[in-house]
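Below is one structure, written out as structure tokens, with a few remarks after it.
The values are calculated or read from the model by the stated rules, or taken from the named source; none is laboratory data. Remember, it's a predicted structure, so these values are computed and weren't measured experimentally. Cβ atoms come from the backbone with ideal geometry, glycine included; neighbour counts cover every protein chain shown.
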Amino acid sequence: MSRSAGTLPTLTRRLLWLGAAPAVVMFLTLLVFFTSARIDDAQTDLLNSSQSLADNLAPAVEYAVVSGNTRVLQQILDRSLQRSHASWIRVLDVMGRQVGLVSRDTLMPDDLPATEDVEVFESDILQQPLEMSGVDDSSWFEPDYALGSGALRMGTVQVGLDLGLLDAQRREIIWTSVGVGLVLLFLTLLVVNRVLHGIVAPIEQLSERVKKLKARHYETVPPSQQQTSREVHELEENLNALAEHLAELQASREQTLAASEQSRERAEAANLAKSEFLAVMSHELRTPLNGVLGMIELVGEEPLSERQQDYLLTARQSTEDLLTVINDILDFSRLDRGKLELDRQSFDLRQLIENCTATFRHQAAQQGLVLTLDWLGDWPAHPAVCGDGPRLRQVLAGLLDNAIKFTDEGSVSVVAEWLPLEGSAMKLACAVVDSGAGIPSDRMAEIFNSFEQLDHSHSRRHGGTGMGLSLVQRLVELMGGHIQVETDLGRGSSFRFEVPFELKCDSCNERPPAPAPLSSADYPPGRALIVEDNPVNQRVTSALLARLGFETDTATNGEEAIERVRSCHSGYSVILMDCQMPVMDGYQATREIREWERSMGQGHTPIIALTADALPGTEQTCRETGMSDYLSKPVKKENLQTVLGRWVRV
């Protein structure tokens, strides 16, 4: 396990240990060795000198002992004691009687207690006999005292040495050695520290240089004027070269980043322009489509032959397919800009799935496919959940359309499972299973890519933009769910998605309550004002309203609409207001109409937004400006009837 830099020992500490530790060990070793040697030598010298003193005194006091001259004997002993380390000196005759004594203490040897702290050294006093011819000397001395080699023992010299002197000398040697050793050790450490400073200081300077490089300060520094090693000098030169290289890289990187930023801004501007273009084109395409679908719907209510009805059905289906593509493009535009917002409404989940599946039964039957719907889990009779029902329907419809399109024979199954969650929530697990050709394993990662087809032959055979599955995946993720696919090449595929929903609660956005429908007594003829700048849409809307029993007036812009409202004495039952018009748009016209109604003390006339602008926030903007309801183009008769029914008698 690696340690942080703060816990690692510094180079100074390491080198100090490397330099000081051997010096300390050597100091202690030499101190012990030489101190022990000196103590041993001093002890040996002291003992030998004491023995030598006894040996030298023995012949010196021979005459005084033999002659019995105690005064001379005492002088010799006094001088010897002063010149030695002995504690006392005494002389014994041959009978063991004391004939001379000197001592450094007041106590005499006979008075001293026996102790191991005093060591006694002895030497015999010998007398060499004189050879006299004709003289018999056997009568002078007792035969028992005769020694070998002719020497006669006349007495003994004893030298007493206090061993405490050895201890004092030992302590003196130790203290002297320690003192001298400490001085030498201190001088050694000074030298080591000086050497370390010469090594570490340049390295610390190099470390500071590296820190500056890390902080992106790439300025070069002239080589140090201090006397350094060749290696340190090379490091300084290499760091300067590295700093120059990094400065060049930084400058190049900044240029690259600046160019990348410019490219990014251009790409974002192009993407924004593309999204705005798609949104505008979607709006512009919805406007004529409103006329086409409206006219088709009106013609469909006329008596037609079977062939004419078939032609009309084909035209309507093609137009609705075109509208689906336009809606998908608009959704992609919103998703790319992050502007696609989910609506929260309460809806019947089971009914939505049933209705969505039912709309594809005819398409499946035309291809000879069996479309089934199965339910798993404990489904309530009318499961009301809170979420974006239209987006869920769009997801399921996209998967069904894809499954039916790429299945030549067999069946397509929808399996919906109710998964309860904690609290007031549930999760919908829905799978669309087909018996089609399946998906190659090497293309699995690409099926959710935008504008991606399995291959171009499929695209030509089955048609399509390649947006379906990508849009489905992004919508599922936007709703907080996920989607996965399982496939068996040649046997079919299964697309399964899971989306969480809250059970019906107060947090869902409920539409504002509509007033009670206005009776014909309030507005006898049932007159509606159509504010629309497109003549075709005026005709379509007028025809649809006429089928619902309304008389209609038209205005081509907001200013005309205001004049119509002010000049209509009987008032209008409802106003259908386009939002984007020349001269004055529908938002400003609505604000001024509401202001005029307040100033005149009149009630609010229902104003329903009728616009091809399906961008996010449009409905909210309409309500904030005072509009009563919202209806997007192209308008179908049943949708128009539903919205009008909230406000007037239809």
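Might you check whether a residue that is more than 57 Å from the chain's Cα centre (by Cα) and within 20 Å of L322 (Cα to Cα) occurs anywhere in the stretch 271-286? No, there is no match, as no residue in the stretch 271-286 is more than 57 Å from the chain's Cα centre (by Cα) and within 20 Å of L322 (Cα to Cα). Every condition in (1) of a type outside the set (F, W, Y); (2) touching a helix residue (DSSP H, G or I) at 6+ places or on another chain (Cβ under 9 Å); (3) at pLDDT below 75 holds for G6 except the one numbered (2).
The set of residues in the stretch 354-374 being out of contact with any helix residue (DSSP H, G or I) (no Cβ under 8 Å at 6 or more places or on another chain) and either hydroxyl-bearing (S, T, Y) or under 16 Å from A429 (Cα atoms) (or both) consists of E354, T372, D374.
Filtered by the rule that a residue be within 28 Å of P288 (Cβ to Cβ), modelled with pLDDT under 85 and not polar (S, T, N, Q), the stretch 595-634 gives A612, D613, A614, L615, P616, G617, E619, K633, P634. Candidates V325, V299, V292: the one that is surrounded by fewer than 16 Cβ atoms within 10 Å (Cβ to Cβ), in contact with a helix residue (DSSP H, G or I) (Cβ under 7 Å, 6 or more places away or on another chain) and part of a helix (DSSP H, G or I) is V299.
For the stretch 289-333, a residue qualifies if it is of a type in the set (D, E) and out of contact with any Ser or Thr (no Cβ under 8 Å at 6 or more places or on another chain), and the qualifying residues are E297, E301, E302, E306, D310, E320, D321, D331.
Residue-by-condition table, conditions (1) outside the structural domain of F121 (by TED's automatic domain parsing); (2) modelled with pLDDT under 75; (3) within 60 Å of the chain's Cα centre (by Cα):
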site: V157; (1), (2), (3): no, no, no
site: L163; (1), (2), (3): no, yes, no
site: S177; (1), (2), (3): no, no, no
site: E204; (1), (2), (3): no, yes, yes
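On the basis of being crowded, with 20+ Cβ neighbours inside 10 Å, touching a residue at least 40 places away in the same chain (Cβ under 8 Å) and out of contact with any Pro (no Cβ under 9 Å at 6 or more places or on another chain), does A42 make the cut? Criteria not met by A42.
Given the options V635, V583, V540, V565, name the one that is in contact (Cβ under 8 Å) with a residue 60 or more places away in the chain and over 26 Å from R334 (Cβ atoms). Break it down stepwise before answering.
Working: V635 fails: over 26 Å from R334 (Cβ atoms); V583 fails: in contact (Cβ under 8 Å) with a residue 60 or more places away in the chain; V565 fails: in contact (Cβ under 8 Å) with a residue 60 or more places away in the chain.
Step by step, each of V635, V583, V540, V565 is checked, and only V540 is in contact (Cβ under 8 Å) with a residue 60 or more places away in the chain and over 26 Å from R334 (Cβ atoms).
Please work out which residue is surrounded by the fewest Cβ atoms within 10 Å (Cβ to Cβ), limiting yourself to the stretch 77-86 and to residues that are modelled with pLDDT of 80 or more and touching a strand residue (DSSP E or B) at 6+ places or on another chain (Cβ under 8 Å). Outline the logic, then answer.
We begin by selecting, within the stretch 77-86, every residue modelled with pLDDT of 80 or more; these are 77-83, 86.
Checking the rest, the ones that are also touching a strand residue (DSSP E or B) at 6+ places or on another chain (Cβ under 8 Å) come to 77-78, 80-81, 86.
Values: L77: 24, D78: 13, S80: 20, L81: 18, A86: 26.
Ranking the candidates gives D78 first.
Conditions tested, residue by residue: (1) exposed (fewer than 15 other Cβ atoms within 10 Å of the Cβ); (2) of a type in the set (S, T, Y).
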| site | (1), (2) |
| --- | --- |
| Y587 | no, yes |
| I593 | no, no |
| S599 | yes, yes |
| S632 | no, yes |
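Within the option set L323, L312, L342, being closer than 22 Å to A612 by Cβ and at pLDDT 80 or above holds for one residue only, L342. Suppose the filter is crowded, with 16+ Cβ neighbours inside 10 Å and out of contact with any Lys or Arg (no Cβ under 7 Å at 6 or more places or on another chain); does V643 pass it? Considered against the rule, which asks whether it is crowded, with 16+ Cβ neighbours inside 10 Å and out of contact with any Lys or Arg (no Cβ under 7 Å at 6 or more places or on another chain), V643 comes out as yes.
Just one of (1) under 46 Å from the mean Cα position of the chain (by Cα); (2) under 17 Å from F495 (Cα atoms); (3) exposed (fewer than 15 other Cβ atoms within 10 Å of the Cβ) fails for A416. It is (3).
Got at least one residue in the stretch 396-407 being in a strand (DSSP E or B) and of a type in the set (G, A, S)? Step through it out loud before you land on a result.
Going residue by residue through the stretch 396-407, those that are in a strand (DSSP E or B) are none.
Within the stretch 396-407 (the criterion being in a strand (DSSP E or B) and of a type in the set (G, A, S)), the answer is no, since none of the residues qualifies.
Only residues that are closer than 13 Å to L206 by Cβ and either over 31 Å from the mean Cα position of the chain (by Cα) or free of Cβ contacts under 8 Å to residues at least 12 places away in the same chain (or both) were counted across the stretch 232-268, and they come to 9. The residue that is modelled with the lowest pLDDT, counting only those in the stretch 233-248 that are surrounded by 12 or more Cβ atoms within 10 Å (Cβ to Cβ) and of a type outside the set (D, E, K, R), is H233. G387 falls short of the stated requirement of being buried (at least 19 other Cβ atoms within 10 Å of the Cβ), in contact with a helix residue (DSSP H, G or I) (Cβ under 7 Å, 6 or more places away or on another chain) and outside the structural domain of E276 (by TED's automatic domain parsing).
Got a sec? Which of F33, F27 is modelled with pLDDT of 80 or more and in a helix (DSSP H, G or I)? Outline the logic, then answer.
On the way: F27 fails: modelled with pLDDT of 80 or more.
On inspection, the qualifying residue turns out to be F33.
A555 passes every criterion in (1) among the small types (G, A, S); (2) at negative phi; (3) touching a residue at least 24 places away in the same chain (Cβ under 8 Å); (4) surrounded by fewer than 16 Cβ atoms within 10 Å (Cβ to Cβ) apart from (4). For L392, state whether it is under 38 Å from the mean Cα position of the chain (by Cα), assigned to a helix (DSSP H, G or I) and under 20 Å from V499 (Cα atoms). Against the criterion (under 38 Å from the mean Cα position of the chain (by Cα), assigned to a helix (DSSP H, G or I) and under 20 Å from V499 (Cα atoms)), L392 qualifies.
Of all residues in the stretch 328-351, those satisfying the criterion of being of a type in the set (K, R) and assigned to a helix (DSSP H, G or I) are R334, R337, R350. Taken over the stretch 545-568, the criterion of being in contact with a Leu (Cβ under 9 Å, 6 or more places away or on another chain) and among the β-branched types (V, I, T) is satisfied by T552, T554, V565. With a requirement of 2 or more residues that are of a type in the set (A, V, I, L, M, F, W, C) and either touching a helix residue (DSSP H, G or I) at 6+ places or on another chain (Cβ under 9 Å) or at pLDDT below 95 (or both), the strands (runs of 3 or more DSSP E) lying completely within the stretch 513-594 that satisfy it span 527-531, 574-577.
Taking the condition under 25 Å from P288 (Cβ atoms), more than 60 Å from the chain's Cα centre (by Cα) and assigned by TED's automatic domain parsing to the domain that holds L640, does T541 pass? The answer is no for T541. Close Cβ contacts (under 9 Å, 6 or more residues apart or on different chains) running from residues in the stretch 589-615 that are under 25 Å from L323 (Cβ atoms) to residues that are in a loop (DSSP other than H, G, I, E, B) and aromatic (F, W, Y) comprise I608/W647. May I ask you to list the residues in the stretch 529-552 that are buried (at least 22 other Cβ atoms within 10 Å of the Cβ), under 15 Å from N639 (Cα atoms) and out of contact with any Lys or Arg (no Cβ under 8 Å at 6 or more places or on another chain)? Of everything in the stretch 529-552, those that are buried (at least 22 other Cβ atoms within 10 Å of the Cβ), under 15 Å from N639 (Cα atoms) and out of contact with any Lys or Arg (no Cβ under 8 Å at 6 or more places or on another chain) turn out to be V540, T541, L545.
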